[in-house]
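Each remark here refers to the structure printed beneath this line.
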Amino acid sequence: MTTFNVAVYGSLLSGLSNNHILGDSIYKGTFNTKEEYSMYSLGGFPAIVEGGHTSIKCEVYEVSTSTLLSLDRLEGYDQQHPSRCFYNRKEIDTSFGKAYIYLLDSMNNKEEVEDGDWRKYYEKRGSFLY
């Protein structure tokens, strides 16, 4: 069976609203990216873009092909039509090997999560309605 590592940083984190999608996945551990991103709040979930100076706190999971496809649907990623994607999927180096992460190309007029820790930001703000 083919598996992939995925680094998650928002609503897919353990205990948050979309973590159930990772139900059959293997939790590998936490990982902090290099300080080359910016995280923004889109309300009930975050987005990250390249080109900042923030390390993003992630959880890494080993996922099956079917789970990766479910994540692609959730994140609005379509490999066949990249110009129609909400998030893009990129492979990064982690302490658990290569992993996919979902990024936006750019972000304007949104609140920045300056320390890159969505869970802390989420808990400080209180729960969001989904």
**Request:** Sort out which residues of the stretch 19-31 are surrounded by 14 or more Cβ atoms within 10 Å (Cβ to Cβ) and part of a strand (DSSP E or B), and write them in order of number.
**Result:** K28, T30, F31
**Hey, Y40 among the hydroxyl-bearing types (S, T, Y), in contact (Cβ under 8 Å) with a residue 12 or more places away in the chain, touching an Asp or Glu at 6+ places or on another chain (Cβ under 7 Å) and assigned to a strand (DSSP E or B) or not** = yes
**Message:** Could you check the stretch 1-13 and list, in sequence order, the residues that are more than 11 Å from the chain's Cα centre (by Cα) and crowded, with 21+ Cβ neighbours inside 10 Å?
**Reply:** N5
**Request:** For the stretch 30-66, name all the residues that are over 14 Å from the mean Cα position of the chain (by Cα) and small (G, A, S).
**Result:** G43, G51, G52, S64, S66
**Request:** Considering only residues that are among the basic types (K, R) and modelled with pLDDT of 85 or more, look in the stretch 99-128 and name the one that is surrounded by the fewest Cβ atoms within 10 Å (Cβ to Cβ).
**Result:** K120
**Request:** Go through the stretch 50-130 and tell me which strands (runs of 3 or more DSSP E), entirely inside it, have 1 or more residues that are under 17 Å from Y37 (Cα atoms) and touching a Ser or Thr at 6+ places or on another chain (Cβ under 6 Å).
**Result:** 57-64
**Request:** Assess whether L16 counts as being crowded, with 16+ Cβ neighbours inside 10 Å and either part of a strand (DSSP E or B) or under 11 Å from the mean Cα position of the chain (by Cα) (or both).
**Result:** no
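The values are calculated or read from the model by the stated rules, or taken from the named source; none is laboratory data. If you're wondering where the values come from, they're calculated on a predicted model, not measured in any experiment. Note: ideal-geometry Cβ built from the backbone for every residue, glycine included; neighbour counts use all protein chains shown.
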